[in-house]
1. Can you list the HN-Hα couplings for the stretch 162-179, worked out from phi with the Karplus curve (6.51, -1.76, 1.60; θ = phi - 60°), rounded to whole Hz and with x for Gly and Pro?
2. Would you mind calculating the relative contact order of the stretch 71-143 from Cα pairs under 8 angstrom and at least 6 residues apart, reporting the percent as a whole number?
3. Arrange the following residues from fewest to most other Cβ atoms within 10 Å of their Cβ: LYS358, LYS170, LYS40.
4. Kindly give Rg over Rh for the stretch 52-180, based on alpha-carbon atoms, with the Kirkwood expression for the hydrodynamic radius.
5. Contact order normalised by length for the chain, with contacts defined as Cα pairs under 8 Å and 6 or more residues apart; what percent is it?
6. Kirkwood hydrodynamic radius, the chain, all distinct C-alpha pairs: what's the number in Å?
7. Over the stretch 135-219, what relative contact order in percent results from Cα pairs under 8 Å that are six or more residues apart?
8. Please rank THR183, THR73, fewest neighbouring Cβ atoms within 10 Å first, as an exposure proxy.
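None of the figures in this text is laboratory data; all of them are computed from the coordinates on show. Bear in mind that the values here come from a model prediction, so they are computed numbers and not experimental data. Glycine also receives a Cβ, built like all others from the backbone with ideal geometry; neighbour counts cover every protein chain displayed.
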Amino acid sequence: MSRISFFVTTCCLCLITAACTSGKKITTSKNSSSLKEAFKNDFGIGTALNAVQIEERDPRAALLILQQFNMATPENIMKAQVIHPQWAVYNFDMADKMVAYCQKNNIKVNAHTLIWHSQLPAFVRRIQSVDSFRTFFTDHIKTVASRYDGKVYSWDVVNEALNDDGTMRKSIFFQKLGGDFVTEAFRIAQSSAPNTQLYYNDYGNEQPAKRAGCIALIKKIQVAGVRIDGVGIQGHWHLGRIPLKEIEESILQYSALGIKVMFTELDIEVLPRSLQGADVNQRMIGDSSLNPYKNGLPDSVQQKLAADYEALFKLFLKYKGKIGRVAFWGVNDGQSWLNGWPVAGRTNYPLLFDRDFKPKPAFYKVLALKQ
Ligand code: XIL
């Protein structure tokens with residue numbers, strides 16, 4: 001048996017076993033157990049990929065990715081910290097590998113992210129003059145966006161430029177370049193990457209105040225005659241508190257601007273959390289009460305998670321014509337960033353596949369919407 005067919009067989013078995021043990025009616029055809037197949041006429045199904053996955057060093061992940069996803073976002077390797085470590089030094093190794101891996105496997109790359117205040121290389125914070133900062137800003141976008149034009153499907157041109165109240169975040173970009181930096185970033189991206197979709201991405205921008213700020217930002221770009229093709233709502237939500245009404249209103253209001261809506265970093269937090277949003281610079285102090293499920297997720301919570309995902313995907317399907325992509329932030333629970341943020345060392349369960357790469361009840365609920 002070839003290596004590939006061994007993996008395929010193993011994975012089908014793994015899906016079937018999981019279905020059997022959860023007592024669900026199962027079929028064995030490929031389509032019936034694949035998200036990307038099930039939703040192929042609705043929207044893309046994405047995942048975030050880390051370096052191990054891009055280099056295919058984890059066979060179980062490699063198999064699941066090919067079976068389930070037709071879009072992928074680099075979780076970290078295209079962020080400035082990695083791709084542009086020093087003033088005149090770019091490191092494209094991993095990004096090139098990701099592009100090649102995705103091309104080989106017919107996966108569209110949603111590149112992430114050109115301009116973001118987090119995960120910046122140290123030299124950026126040491127730049128003194130506004131002129132030098134502007135040179136960094138322009139060169140970074142030009143160099144990275146042009147290299148991958150026609151090779152990636154889309155860029156998150158700017159990530160998280162807004163505060164929760166809809167005002168501009170006072171980030172290093174805002175402080176050095178003023179409030180027009182978002183429009184400027186899109187202007188440079190447009191000329192450097194004419195064949196790439198250009199998106200604005202944020203968390204919490206489904207909430208009314210931040211949504212209003214986001215709409216104003218998008219309109220500002222459009223009024224300047226600069227191209228913006230879509231808006232990403234990250235979708236880092238919490239169990240039992242999915243803001244369905246606000247998500248629906250956001251899909252309607254954003255698409256009324258003539259742009260596509262993407263759900264770019266979907267995961268559902270099941271652990272206790274005192275802070276909202278997804279600001280990677282915020283942290284909570286850990287204690288054992290914050291890690292209640294280290295030996296497994298109780299069935300009652302598992303069922304709640306399934307119900308939340310079902311309700312979300314029902315809504316996504318209602319507006320499938322307006323949605324370009326629904327992407328999960330990670331392949332399986334064991335690889336989710338939520339095991340390390342906002343508290344280090346927790347055991348979290350935010351995705352559709354468990355630590356053994358087996359589909360969870362939430363997976364079946366989502367898939368059942370198409371059967
Ligand atoms: C996260 C990654 O998942 C982590 O590995 C990294 O340590 C911090 O960043 N919003 C974003 C993503 O736009 O880039 C963040 O990714 C999660 C929040």
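1. Along the stretch 162-179, the couplings run 10, 7, 4, 8, x, 7, 6, 5, 8, 6, 4, 5, 5, 5, 7, 10, x, x Hz.
2. Numbers: 72 pairs, mean separation 29.4, N = 73.
Once divided by the residue count of the stretch 71-143, the mean separation gives 40 percent.
3. Working: LYS358 19, LYS170 10, LYS40 14.
The fewest-first ordering by Cβ neighbours comes to LYS170, LYS40, LYS358.
4. 1.02
5. Numbers: 639 pairs, mean separation 61.5, N = 371.
Reported relative contact order: 17 percent.
6. 21.2
7. 43
8. Working: THR183 19, THR73 28.
Taking fewest neighbouring Cβ atoms as first place, the list is THR183, THR73.
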